Amino acid sequence: MFKNVSSGGLFKKNVSQRVKPKQILDFALAEFSSAIEMLQAAKLVDDERLAIGFIEHALDEYRHTDFFLNILSNSANTHLRFDPRFSLSLGFIRTDKFLFETCDISQFAAFISVNEANALKIFLQIRPSIQLIGQDYLNDLDTIIEDEREHMIASTQTDNIMLNFQHLLNDEQRHAHLSDKHLMKISKPSYRIYLKNKYRFGTWFRHIWASQTKIRWLIDLSISFLVINILIFFRPILKLPQSPKKNLISQKIGKYML
Amino acid sequence: MTVILGISGYFHDSSVCLVIDDEIVEFVKEESLTRIKGINSFPVRALNYLLEQYNLNNGNIDYIAFYEQPLRAWAATIHHSIKTPWKSRKLLSMQIKDFWNGPISFSGDLKKVLNFDNKKIFYVPHHLSHALSTLPFTPKPFSDAPSLQFVLDGVGDGYTQSVFIYRDGNVDCIHRMQYPHSLGLFYSTITDFCGFSINEGEQKLMALAAYGKPKYLDFFRNELTEFNIPNFKLKMKYFEFNSDPEKSFNDNLINELGSPLKSYEIRSPNTEAFQRAADIAASTQKLTEEFLIKFVKWGIEKTGISSVGVSGGVAQNSVALSKLQNLNEIECLTIPPSPGDSGAALGATNFVHILKTNKSLAAKKLSYGTNQLKNKMNLFKKYYDPYPSEKSTLETICDLLRKGEILCCYLNGQEIGPRALCDRSLICAGNNQSSIKELNEIIKKREQFRPLAPVMRPNIVEKYFKLWNAARHNYQWMALTAEAKESFPVSYQNVLHVDKSARIQILSDDTHLISNVLDNLFGEIDILINTSFNIAGDPIVFDLIDCFVNMKRMGLKFLLTDQGLYEIKRETLK
């Protein structure tokens, strides 16, 4: 995950013991968006070895997406659903350009390096919560299927979850390390420091913004309230006359947005 | 030479269609290039792709057609929402943002890609775009005769259903229904209630319906909706989609139907939750079928026209459309391969074509463009080896299918609609139970209750299925389901749904490689399973990298291309 999400609020020092479904969905979206960006980078880059590296990275990110989606789809406490289009509407991916199209290879590598390291930090923070989710699986299975065999399957599932999560952590570390190494090869130390700081600040700022849902909601509501009040007076104008019904294939019909 | 581009976008399934003179040259979906299924932004990548591939610019593009009248669409929905400003504040807030980011800014978004003269842009009414997407697929002699075009979708330009008469290069509208009373939005609401995602889960609800009994039909018929043919009305006290973008139903519906379902509760067919969801789905499906039959019958009686087209999102309900065969009045029924918003890009193009030439486009094939392998040949060689065999490619493919292998097809061009028709498909033997189960549940990760579709040659399909002759051409692109005959062999039972029907594909193109495979396997494997080449929730593959990534994610080995049969390299499978 290099388009990562915040693990908590701005002033929260300790992350909650239990990861909320919304956070799991955000993690899945972040992993999915990273997979898409990597896939596009593989398609756009000329260097074949880099393309192969990007494809491998994309495959890892898809696997991580599946990991979080698996948790989400088995969660009894939520009606949240994954929709790949959220990656655009929530700003994980730009609608007009992919990351690789907006920056050069050094900037791309720096962005990955900073954000993968950050992702690793977040995942280490939520590690205990993932263990708890594994325990929930056990409890659910205990309640639903009350026999010893299912207990065994459940513990296997719990083990698998932790094993998969360990893989995910290793991947993030490897991704951060690889992009760091590549960055060292292609750019000067001063430029490297500049880029890394730039993306560190960018990520920090994004996380603050992302975690301030109430403030964003308030700004949004205030603007909408203002515009809605103006629009109420114009309601009669918004009732447009019916579209014509005859001879619809005509120059006149197609020339206007109304 | 006349070059027309048709564009759909901003709501769901953005796409671009290129027509040069009388030929549909290419049809590109934005999701193919972004790898985000159902992407609804302005199709900047699809447009750039076409501009680059065909060296198009302001000078050589004659017209651009957009698939709706955006200001009308915006004003109509705002006018409705602002009646109850406090209740609808969330939706209004979204609609206000849409003024700057939505389809109203189409010409501005277009300008960022192409410095195009605004005078050459056509804004085609949304339902007319849908209706005109049917005409290129209507067979002769019906394509030259007057036809009745039914459009049913969620909402477009403020309308939810329309009926048009197409006659001699002109179109008149004889019926329109206004937002929010929408059969499409009703179906989507129940889809949401049953735990599936709107715009994607409707097909799941349709499949689920076969497992249930329409226990809620009376409530749906008498309380939730009101038929006054041709009008379809919703009792809005049960619905929320017209005031809240995040909710489609409210507590009133929950009080009647019980708690909303979650998708994980209905994965296995033997649970109480599954049965409740199936009963709700069956009731919804039955209501949809009832309305559709009455609606089409009304149109035919009113106009005396018996060549019928159905398009819009609701036309993806292949089961409901198949029920129209109860109407003996229909002489020809056409559902376009892409009846939804994506295909409306083709309809918008057809609007300009008819305006300029007085005749409709005629589609000569179902897939467009070329395959993308040549662009990354070196990378291709790194990932794939030619499959070693002393036999011919055809023989080798047949041998692999006999062994129960699943093959990935990357042949010809990209299919126009949402169904893969053997060009971008995964195929396996229809009489191999374990391959089918593996393909459906493990590889594609589909729900157990969803069937896969069979593909057959015309001689076989006659033997095994009850076909509707007035709509026979639609079976080529899987727009309808067909019921199996009683003589249907037991060895192929797994290709059928629980109600003994299947969304069949008749492969009638004798030059297609899969046709040759089926002919070669005649008597041994008469039916193949055909499902799209993608993992669930992803778009169908577009280029080599997508093929490789999807094959690796699904654990598949064999890739069938126009250049031959390839096997993924062992070292890449680690």
Looking only at the range B:377-386, filter to residues that are among the hydrophobic types (A, V, I, L, M, F, W, C) and either touching a residue at least 60 places away in the same chain (Cβ under 8 Å) or buried (at least 19 other Cβ atoms within 10 Å of the Cβ) (or both); which one of those is farthest from the other protein chains (Cβ to nearest Cβ)? B:380
Among the candidates B:361, B:324, residue that is over 15 Å from the mean Cα position of the chain (by Cα) and either surrounded by fewer than 20 Cβ atoms within 10 Å (Cβ to Cβ) or assigned to a helix (DSSP H, G or I) (or both): B:324
Taking the condition of being under 15 Å from the mean Cα position of the chain (by Cα) and either within 13 Å of chain A (Cβ to nearest Cβ) or free of Cβ contacts under 8 Å to residues at least 60 places away in the same chain (or both), how many residues in the range B:18-39 meet it? 6
Would you mind stating whether residue B:150 is within 10 Å of chain A (Cβ to nearest Cβ), assigned to a strand (DSSP E or B) and aromatic (Phe, Trp, Tyr)? no
Taking the criterion of being in contact (Cβ under 8 Å) with a residue 12 or more places away in the chain, within 9 Å of another protein chain (Cβ to nearest Cβ), closer than 27 Å to residue B:137 by Cβ and in contact with an Asp or Glu (Cβ under 6 Å, 6 or more places away or on another chain), would at least one residue in the range B:53-66 satisfy it? no
Is it true that some residue in the range B:368-376 is surrounded by fewer than 20 Cβ atoms within 10 Å (Cβ to Cβ), among the aliphatic types (A, V, I, L, M) and within 14 Å of chain A (Cβ to nearest Cβ)? yes
In the range B:526-571, what count of residues is obtained for those that are within 14 Å of chain A (Cβ to nearest Cβ), not in a loop (DSSP other than H, G, I, E, B) and not hydrophobic (A, V, I, L, M, F, W, C)? 5
If you take the residues of the range B:503-517 that are closer than 17 Å to residue B:410 by Cα and in contact (Cβ under 8 Å) with a residue 40 or more places away in the chain, which of them is surrounded by the fewest Cβ atoms within 10 Å (Cβ to Cβ)? B:516
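Yes/no per residue for (1) closer than 26 Å to residue B:498 by Cβ; (2) assigned to a strand (DSSP E or B); (3) among the charged types (D, E, K, R):
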site	(1), (2), (3)
B:345	no, no, no
B:349	no, no, no
B:354	no, no, no
B:365	no, no, yes
B:377	no, no, no
B:394	no, no, no
B:409	no, yes, no
B:440	yes, no, no
B:451	yes, no, no
Go through the range B:522-537 and count every residue that is of a type outside the set (Val, Ile, Thr) and surrounded by fewer than 20 Cβ atoms within 10 Å (Cβ to Cβ). 5
Could you please let me know if residue B:323 is among the basic types (Lys, Arg) and modelled with pLDDT of 95 or more? yes
Residue ID - nearest to the chain's Cα centre (by Cα), chosen from residues in the range A:53-97 that are at the interface with another protein chain (Cβ under 7 Å from one of its Cβ atoms), over 27 Å from residue B:267 (Cβ atoms) and not acidic (Asp, Glu): A:88
Any residue that is at pLDDT 85 or above, within 9 Å of chain B (Cβ to nearest Cβ), surrounded by fewer than 17 Cβ atoms within 10 Å (Cβ to Cβ) and under 26 Å from residue B:45 (Cα atoms) - is there at least one of those in the range A:37-48? yes
Kindly provide the set of residues from the range B:479-495 that are surrounded by fewer than 21 Cβ atoms within 10 Å (Cβ to Cβ) and of a type in the set (Phe, Trp, Tyr), ordered by number. B:488
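The values are calculated or read from the model by the stated rules, or taken from the named source; none is laboratory data. Worth saying up front: this structure is predicted, and the values here are computed from it rather than measured. Quick reminder, even Gly has a Cβ in these numbers, built from the backbone with ideal geometry, and neighbours come from all protein chains shown.
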